[in-house]
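The values are calculated or read from the model by the stated rules, or taken from the named source; none is laboratory data. The shown structure was predicted, so the numbers you read here are calculated from the model rather than taken from an experiment. Cβ placement follows ideal geometry from the backbone for every residue including glycine, while neighbour counts extend to all protein chains displayed. Each accessible area value is taken on the protein alone, full model and side chains, heavy atoms only, with ligands, DNA and RNA left out. Shrake-Rupley method; radii C 1.70, N 1.55, O 1.52, S 1.80 Å.
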Amino acid sequence: MGGTISQLEKELNGESAAANERYFGMANFGNTCYCNSVLQALYFCRPFREKVLEYKARNKRVPPNKETLLACLADLYHSIATQKKKTGTIAPKKFVARLKKENAIFNNYNQQDAHEFFNYLLNTIADLLAAEKQGSDDGRNNNSNWIRDIFQGTLTNETRCLNCESLSSKDEDFLDLSVEIQQNTSITHCLRVFSNTETLSSEHKYFCENCCSKQEAQKRMRIKKLPMILALHLKRFKYMESLNRHTKISYRVVFPLELRLFNKTSNNGDDDKLYDLVAVVIHCGPGPNRGHYISIVKSFGFWILFDDEVVDKIDVSSIEDFYGLTGDTQKPSESCYILLYQARESSTH
């Protein structure tokens, strides 16, 4: 992380494709790295950024007493996108103040969970868009609920009775997938485990409506609809009863630059999406309440690291430094925590 903004700007001057891109670090207002890292990762998810900037264009002047979290985010992203310089530092002061005002969980100077913030931000924006649509004069908004258009996929929970072979399924929408991790594994393996078949027996038998009784059954979770941007959350923080606290699991988890999902309900061509990795939120340190968050993003073929105010271009080979540890999992580590993959058909860079 030895680079500086001036060095980065010199390197980027030769990148004609990135001529209109801006790379701005964000000031830390007391353990707000969890917020900065997620905001940077989402800024470089192009479909998300474009919709936020479109929202800003439609809502140019929002009265201070009516500013929502989305309005504050739109102001922040607009401020970055319209800077004259290519690099620098920006202070997301208004956004952080609004976040703390809206949610007591974040209204302190403690280290918060980046995934919890990621979830809160997406769900809050989705709710605001739904409320705006409902409150518009003709019952429609200029735009659909673009959070769901971009991030929402659908899971199918399938249960097969082993007595009569009847199959029941229940659909469930998701904005991100939380996956269990193991030592020295890969995201592909984690997703395979996510969709493993589980046998329901003994006291866990399934009530089959066809048999009208409890029966042994097999259950599995598969993906019915793939999202435009696939957000994967690695379950790195677990409660340890012996320690009476949450601890970090720094297992090494390899994540590919390209990902194709196989655990789908069908193999239709429409669903056979190839995903490109566009951003990673990384946790550095020994535990959930002690440590630091940074992010790396892909922009016009090269990778940029954001560490609050520090912005640095990194080599693609450095990405493996963020897989996690192969040895003692109690050591501090820089471990991938949230992965954002964008479907190639909608990728613009």
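Details
- Within the option set 41, 97, being in contact with a Ser or Thr (Cβ under 7 Å, 6 or more places away or on another chain) and of a type in the set (A, V, I, L, M, F, W, C) holds for one residue only, 41.
- Conditions (1) closer than 21 Å to residue 325 by Cα; (2) of a type in the set (A, V, I, L, M); (3) within 20 Å of the chain's Cα centre (by Cα); (4) at pLDDT below 95: number failed by residue 240: (3)
- Filter pass, residue 114 being more than 24 Å from residue 37 (Cα to Cα) and touching a residue at least 12 places away in the same chain (Cβ under 8 Å): no
- Qualifying residue in the stretch 128-137 (condition: of a type in the set (Lys, Arg), touching a residue at least 60 places away in the same chain (Cβ under 8 Å) and either surrounded by 13 or more Cβ atoms within 10 Å (Cβ to Cβ) or on the phi < 0 side of the Ramachandran plot (or both)): no
- Test: residue in the stretch 92-101 that is over 25 Å from residue 288 (Cα atoms) and either in contact (Cβ under 8 Å) with a residue 24 or more places away in the chain or open to solvent by 60 Å² or more (accessible area, probe 1.4 Å) (or both): yes
Yes/no matrix, rows are residues, columns are (1) more than 21 Å from the chain's Cα centre (by Cα); (2) modelled with pLDDT of 95 or more; (3) open to solvent by 20 Å² or more (accessible area, probe 1.4 Å):
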{"position": "4", "(1), (2), (3)": "yes, no, yes"}
{"position": "8", "(1), (2), (3)": "yes, no, no"}
{"position": "15", "(1), (2), (3)": "yes, no, yes"}
{"position": "24", "(1), (2), (3)": "no, yes, no"}
{"position": "36", "(1), (2), (3)": "no, yes, no"}
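- Within the stretch 180-229, the set of residues being in a loop (DSSP other than H, G, I, E, B) and hydroxyl-bearing (Ser, Thr, Tyr) comprises 195, 197, 201.
- Some residue of the stretch 217-237 being modelled with pLDDT under 95 and surrounded by fewer than 13 Cβ atoms within 10 Å (Cβ to Cβ): no
- Cβ-Cβ under 7 Å pairs, at least 6 apart or on other chains, the stretch 289-313 side closer than 21 Å to residue 110 by Cβ and in contact (Cβ under 8 Å) with a residue 12 or more places away in the chain, far side buried (at least 19 other Cβ atoms within 10 Å of the Cβ) and of a type in the set (Asp, Glu): 294/307
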